[in-house]
Amino acid sequence: MINTPPKAPPLYPKSHLLAASGIAALLSLALLVFPSSDVEAKKTTLNLDLETPADQLTQEQDAQEQIQATPDVTASPFAQIENGADDTQETATAEPVKVEPAPTVVAKNPNHKEVVVSRGDTLSTLFEKVGLPASAVHEVLASDKQARQFSQLKHGQILQFELSPQGQLKQLHSKVSDLESISLSKSDKGYAFSREITKPSIRTAYVHGVINSSLSQSAQRAGLSHSMTMDMASVFGYDIDFAQDIRQGDEFDVIYEQKVINGKTVSTGNILSARFTNRGKTYTAVRYTNKQGNSSYYTADGNSMRKAFIRTPVDFARISSMFSMGRKHPILNKIRAHKGVDYAAPRGTPIKATGDGQVLLAGRRGGYGNTVVIKHGNTYQTLYGHMQGFAKGIQTGSNVRQGQVIGYIGTTGLSTGPHLHYEFQVNGVHVDPLGQKLPMADPIAKAEKQRFMQQSQPLMARMDQEKSTLLASNKR
Ligand SMILES: [Zn+2]
């Protein structure tokens, strides 16, 4: 229940600590750097992502990097597929629209005017450019709460004005993003605000990547966005340790959704299927939505990718005490078993339920202080002690999902510093949570197996075919 005394040597080398930290933590860390043993340093890189300035990335790029993305759309047997790389290119070239200093007002006809927002512009300066008085700005902004969105201007954004022959504002229109436009139209009753959301069409794309430096760089070169890369890592996160096990030559294939408007990819959707070869072993994943509407990833033959438990309930924690059948208790000063694992982390760090289940207790329990006990089916039970407090909605009897935050690190009860005491019971017997072979989550329901295979098989076949087409075209 207690932190390791200061003089004691670290119980665990840093590399082992990595293995013990939460899957999410591993993923974030691993995406950025090749295996390294410095946990602390990695934490600090967490906020960096692929939005690193392009020139910096280029410098870091390994000269040997060889990532292959579908090179030619027309050569592909799947006509709707596009090289995902244009995503990255689009972001890279999405420079603010260059505005010539003089004519910012474009007039198609005398009553229609367009203004491009440039640095320093406000709604007032823009109105001024089309000859509208300051009072019109106030009138517009006061007309509707939502109309204030017109004052959240982005460099390069275009405002379109429709004016009456007398030069009064009739309509104001602007495209806020590829998916959203806003308008304000004047009638006898004043201005009416409207918003138009464009529904993108969905197409699928394929990428293939070979890892030569880090997963994040390889994925980026393959045209996979940062969030897609995170998604892929989380799909395989129960099987592959992305912090320690990624090697040069590992490779991946992904079929994913792209959201398209007018032929332009505006964002990405779900990963539909993926394959990751790590150190010679290949893992497959297929997204499947069951008849109840719940989506999850399964192996190509229908086993769950997800395990019933995640390894650790706290991301970015240090194991301060291992499970043992006998140790000297630092407060009681007697030999006592330590029937759990302690994770030291700053006060307030979120604690996650390691599996789906029902809360048997959320309250005080003696030396454990604020404690949550979760029952996972009939076999398993987990306990989380010394919490500072419980997360919203966590109370005796409530249901929790795996990964849901149940409370926060504290030092309540018999404890010398902020940490989580975590216990794992199998049929009422305490076991070492780190020594357990994790039980699998349920495979595809028998009744849905056929439907699943009808989706899984074509996706797998398509990845095979795409890959061979790609490799063949690279040899030409
Ligand atoms: Zn403990």
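Ranking of HIS208, HIS338 by neighbouring Cβ atoms within 10 Å, starting from the fewest: HIS338, HIS208. In order along the stretch 183-199, phi translates into HN-Hα couplings of 9, 9, 10, 9, 10, 4, 8, x, 7, 10, 8, 9, 10, 10, 9, 8, 8 Hz, rounded to whole numbers, per the Karplus curve 6.51 cos²θ - 1.76 cosθ + 1.60 with θ = phi - 60° and x for Gly and Pro. If one computes the Cα centroid of the stretch 106-166 and of the stretch 394-453, what distance in Å separates the two points? The distance from the Cα centre of the stretch 106-166 to that of the stretch 394-453 comes to 55 Å.
With both labels modelled 7 Å from their Cα along Cα-to-Cβ, the ALA447 to ASP464 distance reads 3.2 nm.
Size check on the stretch 402-457: the Cα extents along the three principal axes, sorted descending, read 56, 25, 16 Å. Per-residue Karplus couplings for the stretch 417-425, computed as 6.51 cos²θ - 1.76 cosθ + 1.60 with θ equal to phi - 60°, are listed in order as x, x, 6, 9, 9, 10, 10, 10, 10 Hz, Gly and Pro entered as x. Put simply, the amide H of SER267, placed in the peptide plane, has neighbours under 5 Å in LYS259, leaving out anything fewer than 5 places away on its chain. For ALA192 and VAL266, the FRET efficiency from 1/(1 + (r/R0)^6), where r spans their Cβ atoms and R0 equals 25 Å, is about 0.40.
If the stretch 318-431 were replaced by its equivalent ellipsoid, with semi-axes equal to the square roots of 5 times the Cα gyration tensor eigenvalues, what would those be, largest first, whole Å? Kindly include the intermediate steps, with their values, before the conclusion.
Working: eigenvalues 95, 56, 26 Å².
Equivalent ellipsoid of the stretch 318-431: 22, 17, 11 Å, largest first.
Taking GluC sites (Glu not before Pro) across the stretch 407-470, none is in a DSSP loop with at most 15 further Cβ atoms lying within 10 angstrom of its Cβ. Kirkwood analysis of the Cα pair distances in the stretch 105-197 returns a hydrodynamic radius of 13.2 Å.
Residues in the stretch 298-308 carry Karplus couplings, in order, of 10, 5, 4, 9, x, 8, 5, 6, 7, 9, 5 Hz; the curve used is 6.51 cos²θ - 1.76 cosθ + 1.60 with θ = phi - 60°, and Gly or Pro positions show x.
Bear in mind these aren't lab numbers, they're just calculated from the coordinates by the rules spelled out. As the structure is a prediction and not an experimental result, all values here were calculated from the model. Counting neighbours? That spans all protein chains shown, and the Cβs are built from the backbone with ideal geometry, glycine included.
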